[in-house]
Structures are given as C-alpha cells and as structure tokens.
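Here's the structure we're looking at; comments come further down.
The values are calculated or read from the model by the stated rules, or taken from the named source; none is laboratory data. Bear in mind that the values here come from a model prediction, so they are computed numbers and not experimental data. Every residue, glycine among them, receives a Cβ derived from its backbone with ideal geometry; neighbour counts consider all protein chains shown. SASA here: full protein model, heavy atoms, side chains in, ligands and nucleic acids out. Shrake-Rupley method; radii C 1.70, N 1.55, O 1.52, S 1.80 Å.
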Amino acid sequence: MNSETVELTGHLIDSGQLSRILDDIGEYGGRFTIDRFDVGHAATDESHAVLTVSAADSSELARLVMRLQTHGVNLVHPGEATIREVTQDGVFPDDFYSTTNLDTTVRVGSRWIEVEQPEMDCGLLVWDDSGRTRVRTIPVSEVRIGDRVVCGASGVRVRPVTPPTTGPMAGQVFEFMQSEVSSEKPQALLVRQIADQMRAVEDAGGRILWVCGPAVVHTGAAPAMVALVRAGYVDVLFGGNAIATHDIEAALYGTSLGVDLARGRGVEHGHEHHIRAINRIRSCGSIRAAVDQGVLTGGVMHALVTSGKEFVLVGSPRDDGPLPDVYTDVIEGQRAMRAALPGVGFAIMVATMLASVATGNLLPASVPLACVDINPATVTKLADRGSAQARGVVTDVGLFLEQLALELVPDYRSARF
C-alpha cells in the first residue's frame, strides 16, 4: 500500500465534513488511520485532524488525495508540483491534476503561486509571463501541444471556504451551507440577508452576477428585475435564449408564451408571439441594435443595454430562432461566461437548473451564491455538483424578486404601486 499524511481544519464534526471525507476514502478503495484529532470546544472553534490515507498504488493514491482536496484536505508534506507538457491538442496527460473550485496554490521552483480564477474540473496551466511564473485553471478543450500542466497531487494546496467574521453574513455561512433545503425557512429573513450581502458587495466595488430563467418573465417579476438593474444591483446576467426571448415578447406584445401578463390568460395567436419577437430582433441585427433603433423600449434586456450592463446568452438544441445575441457554440459560450466572471463578488441564480449548475461549475468557491427556485431539487443539485457555498431559497421567483426589489430599491413600492 502507498500512503500519504493529510490534514484538515474546520467545523469537522458539526458540518459532517469528516464523515464525508471518510466515506470518500472508502468509495475510492482507500484506507485510513486517524493520527491526531484536536476537537474545538466552543461553537466557533475549529477542529484539526491528521490522517494517514493509503491506496493500492501511487496513481490511485493521487486520485484519492485529489478527491479529498475537494473537502479542503491537504498533504502535510506537499513537496513540489510535477509539471508535464501536453502532447495532443485538447488532451491532458493521464495523471493531470483535476481542480477544485477552492482557492488553490501550487509550489513551483520552491515558491507557492496563487492559482488565478479557481474553477472545478479543469487542469492547472503553468506559464512564464515576462520572467514571472503564473498558474491558472484551463479547461481540457483549451489546452494545446506544448502547454505545461500540473500532474499528480504533489505541490498543490487548497484553502477551504471559511465563514466571514465581519459584514452581514458574519458567522452565518456555516448554517446556510450545511442546512437542509426547506421551504419552511423564514423567507423574509433570507431575502433581507441576501439584500444585505448585495449591498456589501456593491459598496466594496464588487460585481453581482445573475443567472436567470424565463420564469422571471412568466411570473410577472420582470418589473422588479428592471428596477434592480437600474438601481445597480445587476452587473452581469447569464441566461439562455428563453429569458431574453420572453422578456422581449413581453415588451413587444405584453405576453409571455402567449399569455397576457396583465390578465393571466391566453390571447388569440399568442403562441406566435415569441417567434415573431425573435424575428423582429433578428431583423434589427441584435438586441442592442433593437434598443438603438427604438424597436425595443422596455423590459429586462432593454434595461441591461441602456444601463451599460453585460449579458451572456448561451443556447441549447431546443431553442427557437435563436436571438442573434445567443451563442450557439457552447464552448464559445463558456468562454464568454468565464470572461465575464472577474470581479464578481456575489452570484444569484433564479429559476434555472441547467444554467445554475453550469455557472456554479465556473465559479470559485470563495464567491458566495444564492439559488432561488420553487423546486428544492434545483437547489440541492447545485450543492451536490460541487457548489457547496450555495445557499438555497425555496420559493416562488416572482414573490422573491418583488420582495428583493422592495428591500433594495427605495422608491420601488411607490413606483410599482
């Protein structure tokens, strides 16, 4: 058996972190002994554990250590990173280091280097920038012959997400990260806390990312979303063809999926409205061009354009049209999403499972995020896919956005009602 000594620090018992780590060791066919376990006495105290983990051979042991690093576990003696050259475009070496979304450092030439823009399920690219060694995550589709990537688990350390000690969320991350998803939590309190965190991010100069599904429009919450854009609480929006199409349909025809948003009932020929909306924007050339030409005069997309905010729309095989702004190549769409992430200090995902999981995969674990959906499975799946920092709010998206606008936009009540 090959073995390594690893360590971890945190709320290991209360959070169930140690149990998950031991379960993973068993699932990967490994063995363990607990060499040391210092248990925190007060509720705010962290515990510290040292384990020896073993596996049948060195490659299995490296895979096991990489898996444990998703929980914030590190080698006690990490050594230096092993770096190999890529020999085939779009293919990592077999023993490449598979990244987590935790803040990561790599030891190259006896110096620890911070990994830029941590992201899960990528490799670690090492390159020289005017005599300075840098490391960043890179997806497998982007790697090219001659690129140098980190292989094995040696020389890599991760930093677990720790609860903030100051600000609106001080001492609260632990409860939200580990608590069971439930619709019976005090929704008004959760909305107020999310609003407080959004204010704190804006005050600190950070950017707020929204990931939205078409239910924002279907539930009649677009006016609340527009108010949040204009108030400066939406810096970049990710979505698909549907959110933009139905928002534009509502602006042009007053319907969403052919349903009159003012009366809540279908209208004659309403089923055609979404494709007619797409056709109208395509004739203009783009959403921005439609705004400039006076064709599009309201709605969320109009507010984003006129407020100078970013949006990235990535398509799927089920799209109609699509709108000219939609990325139909998903790899190009991923690139555009990654390019919009620097500076993001908070992410909020509203009524979209697939786009939420896709964005969660791109975000560092240090970026707090809230996931809002009427379906608890959406919130649970996001956390299960590796975005452990996700806080779930199980509620109707229309009611949530109305309440959030009331919290963040001082004149929203009088303007709306």
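Could you please let me know if SER54 is in contact with a Gly (Cβ under 9 Å, 6 or more places away or on another chain) and either open to solvent by 70 Å² or more (accessible area, probe 1.4 Å) or farther than 24 Å from VAL161 by Cα (or both)?
Numbers: in contact with a Gly (Cβ under 9 Å, 6 or more places away or on another chain): yes; either open to solvent by 70 Å² or more (accessible area, probe 1.4 Å) or farther than 24 Å from VAL161 by Cα (or both): yes.
Taking the combined requirement at face value, the residue satisfies it.
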Next item on the list: Hey, could you check the stretch 368-379 for residues that are free of Cβ contacts under 8 Å to residues at least 60 places away in the same chain and under 21 Å from PRO118 (Cβ atoms) and say which is surrounded by the fewest Cβ atoms within 10 Å (Cβ to Cβ)?
Entry: LEU369
Notebook entry, point to check: Looking at (1) open to solvent by 50 Å² or more (accessible area, probe 1.4 Å); (2) assigned to a loop (DSSP other than H, G, I, E, B), can you tell me which one ARG288 breaks?
Noted result: (2)
Note to self: Within the stretch 147-225, considering only helices (runs of 4 or more DSSP H) that don't extend past its boundaries, which have at least 1 residues that are more than 30 Å from LEU61 (Cβ to Cβ) and at pLDDT below 90?
What the structure shows: 173-178, 187-203
Next item on the list: Look at the stretch 122-165 and say how many of its residues are touching a residue at least 40 places away in the same chain (Cβ under 8 Å) and within 30 Å of ASP196 (Cβ to Cβ).
Entry: 5
Checklist line | Residue ID - nearest to ALA242 (Cα to Cα), chosen from residues in the stretch 299-321 that are hydroxyl-bearing (Ser, Thr, Tyr) and either open to solvent by less than 50 Å² (accessible area, probe 1.4 Å) or free of Cβ contacts under 8 Å to residues at least 12 places away in the same chain (or both) | finding: SER316
Checklist line | Some residue of the stretch 5-16 being within 15 Å of ALA62 (Cα to Cα), touching a residue at least 40 places away in the same chain (Cβ under 8 Å) and in a loop (DSSP other than H, G, I, E, B) | finding: no
Next item on the list: Could you please let me know if GLU80 is within 18 Å of GLY123 (Cα to Cα) and either out of contact with any Cys (no Cβ under 6 Å at 6 or more places or on another chain) or open to solvent by 30 Å² or more (accessible area, probe 1.4 Å) (or both)?
Entry: yes
Next item on the list: Return yes when ALA251 is open to solvent by 20 Å² or more (accessible area, probe 1.4 Å), touching a His at 6+ places or on another chain (Cβ under 8 Å), touching a residue at least 24 places away in the same chain (Cβ under 8 Å) and within 24 Å of VAL326 (Cβ to Cβ) and no when it is not.
Entry: yes
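Return yes or no: is LEU382 in contact with a Gly (Cβ under 9 Å, 6 or more places away or on another chain), surrounded by fewer than 16 Cβ atoms within 10 Å (Cβ to Cβ) and in a helix (DSSP H, G or I)? Working first, answer last.
Working: in contact with a Gly (Cβ under 9 Å, 6 or more places away or on another chain): yes; surrounded by fewer than 16 Cβ atoms within 10 Å (Cβ to Cβ): no; in a helix (DSSP H, G or I): yes.
For LEU382, the condition - in contact with a Gly (Cβ under 9 Å, 6 or more places away or on another chain), surrounded by fewer than 16 Cβ atoms within 10 Å (Cβ to Cβ) and in a helix (DSSP H, G or I) - is not met.
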Checklist line | Extreme residue, surrounded by the fewest Cβ atoms within 10 Å (Cβ to Cβ), among residues of the stretch 116-138 that are out of contact with any strand residue (DSSP E or B) (no Cβ under 8 Å at 6 or more places or on another chain) and under 21 Å from THR70 (Cα atoms) | finding: ASP121
